[in-house]
Amino acid sequence: MDAKISTTPARARTDVPTTTTPPPSDAPSDAPDTGPAISPAAVRKLGLALSAGTLSWAASIFVYGSQAQGFGERVGDLTGLLFQLGIFALLAVQIRTRATGISRFARVMLKVELVLLGLAAVWSLLHGVLPDELQDGPVMQALDVFWPVSMLGMMAIGIKVALAGRWRGALRWWPLVAESWAVVTVPTYVLFGDSVSNWVGGFHLVIGYATLGALLALRPGLTD
């Protein structure tokens, strides 16, 4: 027998179809938690922006009240805009850390809030700079609705952050404190009038949103 040893590798068969195992059809699309990271330094800066914007609006309320006219009203509008920019900073941290959870709904609700808050911020800017005769036109009245609606959206986000439990310690619960501003201030205004509600609303901003910003600046690791 003439035994031969071949050193040529065997050719791959082409008559047998190759198959790959598809991923399970019921696997949740949002199962991998691959959200973009945010550095502690960035969280600190955004937290300070939230505190600064909040304190500016609170100071305006203390000085001019929430129902001011003329110059005081414009100061309130523009410092309110600074507060809203601070809320944008808060949302930036919440989006980057997926504070409301990793489900599709949890992500979408933050994006919807960006739109609502953006429209409210447009109202604040325009109402603060437009001539008096243009401040209360139909478009401005429509935009004005988004101020309270955006705050209701932030309250819903605060509840979702607490339920999701991705933020830890005080940061898990402090958004609920901050975002209860309307729940506390509006009944105070109805029951006790403008003079009392101004102080309650101003101090609530300091205790709520300004403190939340300080917590983000001091304890950014709690958002990991």
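The values are calculated or read from the model by the stated rules, or taken from the named source; none is laboratory data. Note that the structure is a prediction, hence the values are computed from the model and not measured. Quick reminder, even Gly has a Cβ in these numbers, built from the backbone with ideal geometry, and neighbours come from all protein chains shown. What goes into the accessible areas is simple: the full protein's heavy atoms, side chains included, and nothing from ligands, DNA or RNA. Shrake-Rupley method; radii C 1.70, N 1.55, O 1.52, S 1.80 Å.
Structure values in brief
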read-out: From the options Leu78, Leu91, residue that is under 26 Å from Gly193 (Cα atoms), in contact with a Leu (Cβ under 8 Å, 6 or more places away or on another chain) and of a type in the set (A, V, I, L, M); value: Leu78
read-out: Residue check, Leu78 within 22 Å of Met140 (Cα to Cα), open to solvent by 60 Å² or more (accessible area, probe 1.4 Å) and either β-branched (Val, Ile, Thr) or at pLDDT 95 or above (or both); value: yes
read-out: Residue within the range 153-172 that is out of contact with any helix residue (DSSP H, G or I) (no Cβ under 8 Å at 6 or more places or on another chain) and over 23 Å from Leu222 (Cβ atoms) present; value: no
read-out: Within the range 92-113, considering residues that are touching a helix residue (DSSP H, G or I) at 6+ places or on another chain (Cβ under 6 Å) and of a type in the set (A, V, I, L, M, F, W, C), the one surrounded by the most Cβ atoms within 10 Å (Cβ to Cβ); value: Ala99
read-out: Single condition Ser51 does not satisfy, out of (1) outside any helix (DSSP H, G or I); (2) crowded, with 16+ Cβ neighbours inside 10 Å; (3) touching a residue at least 60 places away in the same chain (Cβ under 8 Å); value: (1)
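Here's the yes/no breakdown for (1) modelled with pLDDT under 95; (2) open to solvent by 30 Å² or more (accessible area, probe 1.4 Å):
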position: Gln69; (1), (2): yes, yes
position: Gly86; (1), (2): no, no
position: Leu90; (1), (2): no, no
position: Leu126; (1), (2): no, yes
position: Gly137; (1), (2): yes, no
